[in-house]
1. If you line up the long axis of helix A:845-871 against the longest principal axis of chain A, both from Cα atoms, how many degrees apart are they, to the nearest 10?
2. What lysines could a cross-link reach from residue B:44, if we take a straight Cα to Cα line under 18 Å and drop same-chain neighbours fewer than 8 places away?
3. Points 7 angstrom from Cα along the Cβ direction at residue A:827 and residue A:718: gap in nanometres?
4. Give the shape of the stretch A:598-677 as rounded, prolate or oblate, defined through the alpha-carbon gyration tensor: a ≥ b ≥ c are the square roots of its eigenvalues, a/c under 1.5 means rounded, and otherwise the shape is prolate if a/b is larger than b/c and oblate if not.
5. Place the peptides A:180-189, A:836-845, A:775-784 in order of packing, highest mean first, counting for every residue the other Cβ atoms within 10 Å and averaging per peptide.
6. On a full-extension model of 0.36 nm per residue, what is the gain between residue A:450 and residue A:19, subtracting their alpha-carbon distance, rounded to one decimal in nm?
7. What's the extension gain from residue A:199 to residue A:762 if we count 0.36 nm per residue and subtract their Cα-Cα distance?
8. Give me the distance in nm between label points sitting 7 Å out from Cα along the Cα-to-Cβ direction at residue A:633 and residue A:834, one decimal.
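Every read-out reported here was derived from the displayed coordinates using simple, explicitly stated rules and does not represent laboratory data. These figures come from a predicted structure and were not determined experimentally. Here the Cβ positions follow ideal geometry from the backbone for every residue, glycine too, while neighbour counts run over all protein chains shown.
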Amino acid sequence: MNANPPRVATWLLEQLLPEESRDAVIGDLVEAYDAMRSEHPVRARVQYWREAIAALASLQTTPHNVTAYTPATRESLMQSVLADVRHALRVLRRAPAFTILCAATLGLAIGATTIIFSVVNPILLRPLPYPDAEQIVAVYERDRDGSASRVGYATYKDLRSRARSLQHSAAFGDWQPTIFGSNDGERVQGQRVSWEYFRTLGVRPLLGRDFTEADDTPATNNVVILSHALFTRRYGADPAIVGRTLNISGVTRTVVGVMPPSFDDVMQPDAQIWRVLGYAESDGWACRTCRHLQMIARVRESVPLASAAAELDGAAKQIATEHPSSYAGEGALTIGLQEQVTRNVRPILLVLLGSVIFLLLIAGANVINLQLARAVRRGEEFAVRAALGAGRRRIAQQLLSEGLVLTSIAALVGVGIAAAGLPLVTQRLPEGLPRVSAVGLDWRVFAFVAAATLLVGLAVGLVPALGAGRARLFDVLRGGGRSLGGTHHRARAALVIGEVALALMLLVGATLLGRSLVRLMSVDAGFDASNLITMEVQAAGARYDSAAHVFANHDRIREVVAALPGVESVGLTTQLPLGGNLDRYGVIAQDKPLPNPELAPDGERFTIGGDFMRTMRIDVIRGRRFTGAEARDSNVKVVIVSQSLANHLWPGEDPLGKQLRVGGPSRPWREVIGVAEDIRHTGLDATVSQQFYVPERQWFGAETQMTLVVRTTSDPASLVGAVREAVRSVDPLQPIAKVATMDQVVARSTSQRRLGLMLFAAFSTMAILLACAGIYGVLAGAVSERAREIGLRSALGATPRAIVSLVLRQGARLAVVGLLLGVGGAFALSRYLRTLLFGIEAHDPVSVVVAVGVIAAVALLACVVPARRAVRVDPMTALRSE
Amino acid sequence: MLGELEQIVLLATLRLGGDGYGVPIQDAIRKATGRDLTLGTIHKTLVRLEDKGFVASRMGEASPHRGGRAKRHYEVTPAGLKQLRASVRALRRMAAGLPVGLEPT
């Protein structure tokens with residue numbers, strides 16, 4: 001512990017104490033500190049600070065009230081600021097209701113802003129957590145419609161060898177292995193990456209070594225690197241794990257490294273284990289049209305991204321001309337990695353940031369409004385001070401300090417709210433969002449809060465100060481506040497109009513998002529999500545080395561689950577609708593030869609077992625379903641296509657009996673026996689929904705990982721445990737993952753919209769309440785200021801009706817002007833919401849009308865209380881006070 | 001008439017003869033009354049008492065163990081003593097005969 005007393009405190013004392021007592025007081029403090037230090041070093045420091053603050057508070061020249069009004073030139077700036085802060089605290093303590101109201105409303109708004117900013121900050125604003133992250137790009141093939149498409153392995157190899165501007169590049173794909181222990185199997189999310197993956201990101205393993213080129217061949221493809229989380233959770237952070245072998249999905253693999261805890265894999269935030277890609281160019285899945293890999297690259301430091309992008313584009317065009325039958329589009333798309341990984345969330349996050357700043361503006365306006373109302377009542381106080389010699393600048397400085405102190409209190413409240421509320425929001429963030437682990441309150445967030453607080457505080461302090469500066473002080477003294485009221489009144493009306501306008505814009509946004517979600521949820525997904533249990537099951541490991549064993553396992557699972565009471569039917573599928581797992585194939589019709597097979601329409605593949613289509617209630621509208629015997633015969637090749645795919649392949653023709661092929665010329669032709677209703681697979685808002693269904697025994701090979709779907713006769717949640725047990729009884733070693741009801745799967749596919757709507761709705765509710773509080777405040781103020789006039793009017797025979805309409809007219813003026821401005825603002829800004837909308841236009845008139853109606857109704861309510869108070873004004877009291 | 005704080009500080013200063021300054025005055029008050037006055041309060045009171053002429057002060061020698069800062073020693077002036085006497089007497093008279101356990105024994 002430092003032997004010297006706290007230096008900052010001593011410095012403050014030296015600056016601020018009057019000279020004649022400076023040495024004596026500081027000396028006494030030091031002496032007391034020294035006496036205590038040996039026994040209680042910490043307490044001594046605390047006590048020193050306490051003493052120092054008390055000394056500053058009591059010893060700064062003569063009483064405060066006078067200090068505050070002596071011209072600023074005679075005090076140091078620091079002294080006058082301190083005096084102002086103390087004065088402000090006293091003023092605020094004397095008006096607890098006002099202080100609490102302001103601190104609570106502004107605090108809520110600052111808290112909400114802080115929460116949104118701390119989510120936006122790591123995801124959109126901070127660079128990705130890699131060295132020179134701006135040099136890392138994602139590379140895609142350009143599809144024929146100009147969109148980005150994943151790359152085949154051969155294309156990746158060619159681009160890698162041709163592009164000189166790349167320092168490192170890597171290809172990667174999804175991998176979900178099962179790690180077997182002595183008596184369990186755990187499914188984890190992994191990634192299959194080419195050897196330069198971590199080098200491209202610029203991150204090295206914490207323990208062991210990185211992948212090398214020698215690892216990345218089919219023969220040597222048996223090493224893995226673990227995430228730090230998996231290393232800690234499953235292997236107790238024992239470094240001896242490096243070099244040991246693990247049974248991973250039935251294959252023995254050696255752990256060669258562990259990544260550092262700080263490593264955040266933005267391509268696959270849930271990844272816990274990595275293995276090398278290990279493709280040979282002769283592998284069937286390494287072909288040019290096998291577009292299932294993603295590619296990233298690190299551009300050399302000296303090369304601008306644009307020229308790297310141009311080089312890649314040129315190389316890709318060259319490759320396409322060399323292999324014309326493998327490419328439909330041409331060229332390559334190069335996108336900054338950060339832009340790529342945040343592309344889906346960027347619009348919603350920016351819109352939320354904008355909306356919460358609106359809320360902050362409204363809350364700030366509301367506090368200014370309340371301050372102005374108080375300034376009217378405090379007119380006399382200011383006048384007296386001015387009469388005692390305080391300059392206008394001094395009074396303005398005072399008001400400014402009040403504003404800053406008030407907003408600082410609100411900022412403390414806001415940071416508290418943010419600390420409490422942030423986990424609630426992060427929990428609800430959509431899955432797979434990059435950089436969520438970095439969401440938190442760090443110094444950047446605090447700097448942002450401090451800056452926002454300062455701005456709001458300046459506004460809260462300056463607006464009333466300008467009004468006070470302009471007022472003719474002696475008029476105030478003579479007239480009891482009326483002239484000050486005039487200037488302030490216009491300012492307050494303008495503020496309320498602004499609040500109403502902003503609140504309307506927020507509410508229009510919330511209504512648009514709400515109506516979109518309603519539209520989305522009423523979309524016919526093509527299947528019936530009610531009463532369905534889904535879970536991923538697996539047949540991995542040495543015992544399932546042949547396809548027959550895998551199919552036997554699937555049959556057994558279906559049998560035991562179907563035998564459970566309460567289960568209506570059971571099916572298996574490789575792709576769960578809306579489950580986020582997409583596998584598209586180009587579909588070729590036998591009777592429609594194409595010059596380039598790449599021009600074939602895409603179909604979403606569903607390899608299914610059991611009564612999948614009946615269980616999901618996917619209707620077959622023409623032809624028939626697979627029969628049991630047919631599905632079990634691997635020599636038969638039958639297929640069911642969805643209606644859109646059928647229309648695309650055979651427009652105006654009968655698809656039944658036609659032949660189609662997927663997966664390349666070596667694959668068999670399959671006969672179309674049925675046409676099914678389209679289902680929404682990529683999302684309820686999917687634009688493409690063309691599917692084909694193939695029985696699992698007739699696909700290219702056995703699929704070891706499938707999703708079990710179970711239709712129950714009653715509440716599916718109550719049967720989940722029984723189904724899980726039944727599956728486990730077939731093979732206790734096989735992991736079960738992603739257990740959910742289908743309703744939950746559907747809800748999760750819209751989680752981003754739900755979160756956006758929830759926050760928008762919360763912000764606009766607060767905005768409306770604040771705006772209406774503003775209207776109420778202005779009207780209430782006006783009624784009490786005009787009490788004399790109102791009293792005179794009723795004495796002269798005005799009916800209560802006339803008086804009510806007098807107040808209502810004033811309120812209506814504020815609301816109508818605000819609403820008009822708000823409608824204009826909503827029309828101007830709602831286009832930023834366009835990407836978040838579904839089924840309605842950004843300029844949806846219904847949403848605007850609904851929002852206007854709601855705000856008008858609430859504004860009317862805000863007018864009622866002041867109007868009733870106006871009616872009750874006793875003419876005699878009002879007249880007597882004149 | 002002296003304020004209560006002034007009385008206490010004045011009495012403590014008196015107790016310390018002519019050598020009283022902030023820290024021992026604080027200690028004396030703490031020991032006698034259990035009240036933990038801050039040094040700031042004590043100095044402020046002393047400054048006020050000095051303005052009224054009830055105490056006189058002189059700067060002491062700078063000593064190394066206080067960070068090289070001099071003490072300001074306070075001494076009760078005759079006027080202060082007179083005032084103190086009046087105050088205490090007044091207090092005693094006000095308490096006389098009342099069953100508050102303060103009757104002279």
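1. Long axis of A:845-871 versus the principal axis of chain A: about 20 degrees.
2. B:52, B:71
3. Here the modelled spin labels are 5.5 nm apart.
4. Values: a/c = 1.64, a/b = 1.18, b/c = 1.39.
Cα axes put the stretch A:598-677 in the oblate bin.
5. Numbers: A:180-189: 15.1, A:836-845: 16.6, A:775-784: 21.5.
Descending mean neighbour count gives A:775-784, A:836-845, A:180-189.
6. Details: separation 431, 0.36 × 431 = 155.16 nm, distance 3.43 nm.
Computed gain between residue A:450 and residue A:19 is 151.7 nm.
7. Numbers: separation 563, 0.36 × 563 = 202.68 nm, distance 4.40 nm.
Value of the extension gain: 198.3 nm.
8. Inter-label distance under the simple model: 5.5 nm.
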